[in-house]
């Protein structure tokens, strides 16, 4: 099962290395990781997607709490949360196919953010299924390059992940 962990850390050199190293030592592959500052100065948030059983993830969470610079760890998979990912896709776009590509992009509520004589760059946000679906449709035109951010997530409602 995939788990989404929110890890609040002090924004200090080596914090990311210590967190990712713990996963590596335990034999876990991090599916994706997104890191950014929070509204609190000096605190960053890591959103980590990892696959494993409930028991193994519970052990990893306990070990994360013991790491230097780690303030709080929450398993967002166990609570209602909003999750999104950003994907940029560069696709071949000959003049005759541009309106077809634009129609696909609009269907997925994406945006064309760059156009050149032979390609288009498309921005799409959403869940993993949406990303895979648009990618599958655009493969017909020839995808030149893809970059994805990894998942970011927030708890639904008024509940927040806090430092204390």
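Comparing 86, 64, 22 in a Gaussian network model of the chain where C-alpha atoms under 10 Å apart are linked, the largest mean-square fluctuation is found at 22.
Among 14, 110, 52, the largest mean-square fluctuation in a Gaussian network model of the chain, built with springs joining Cα atoms closer than 10 Å, belongs to 14. Students often get this wrong: which residues of region 1-44 have the backbone nitrogen under 19 Å from the point 7 angstrom along Cα-to-C-beta of residue 51? Of the residues in region 1-44, 1-5, 23-34 have backbone N under 19 Å from the label point off residue 51.
Residues considered: 74, 53, 20. Largest GNM mean-square fluctuation over the chain, using C-alpha springs under 10 Å, is found at 53. Against the chain, whose longest principal axis comes from its Cα atoms, helix 15-25 is set at around 90 degrees.
For the chain, averaging the sequence separation of C-alpha pairs within contact (under 8 Å, six or more residues apart) and dividing by the residue count gives a relative contact order of 28 percent. Taking 0.36 nm per residue of separation and subtracting the Cα-Cα distance, full extension of the segment from residue 112 to residue 65 would add 12.7 nm. As a calculated quantity, the FRET efficiency between residue 1 and residue 102 at R0 = 35 Å, using C-beta atoms, amounts to about 0.40.
Round to the nearest 10 and give me the degree value, 0 to 90, for the angle of helix 54-66's Cα axis relative to the longest principal axis of the chain. The helix 54-66 is inclined about 70 degrees to the chain. For residue 58 and residue 32, a Förster radius of 30 Å and the Cβ-Cβ distance give a FRET efficiency of 0.90, rounded to the nearest 0.05.
Put simply, when 24-32, 1-9 are sorted by average Cβ atoms within 10 angstrom per residue, most first, you get 1-9, 24-32. A Förster radius of 22 Å combined with the Cβ-Cβ distance from residue 10 to residue 160 puts the calculated FRET efficiency at roughly 0.75.
Helix 128-138 axis versus longest C-alpha principal axis of the chain: approximately 20°, rounded to the nearest ten. Where only DSSP H runs of four or more residues are counted, the chain gives -8500 deg cm²/dmol as its mean residue ellipticity at 222 nm, each run worth -39500 (n - 2.57). The alpha carbon convex hull volume per residue for the chain rounds to 139 Å³.
Bear in mind that the values in this text are calculations on the coordinates, not laboratory data. Computed from a predicted structure; not experimentally measured. Please note: Cβ atoms are built from the backbone with ideal geometry, for glycine as well, and neighbour counts cover all protein chains shown.
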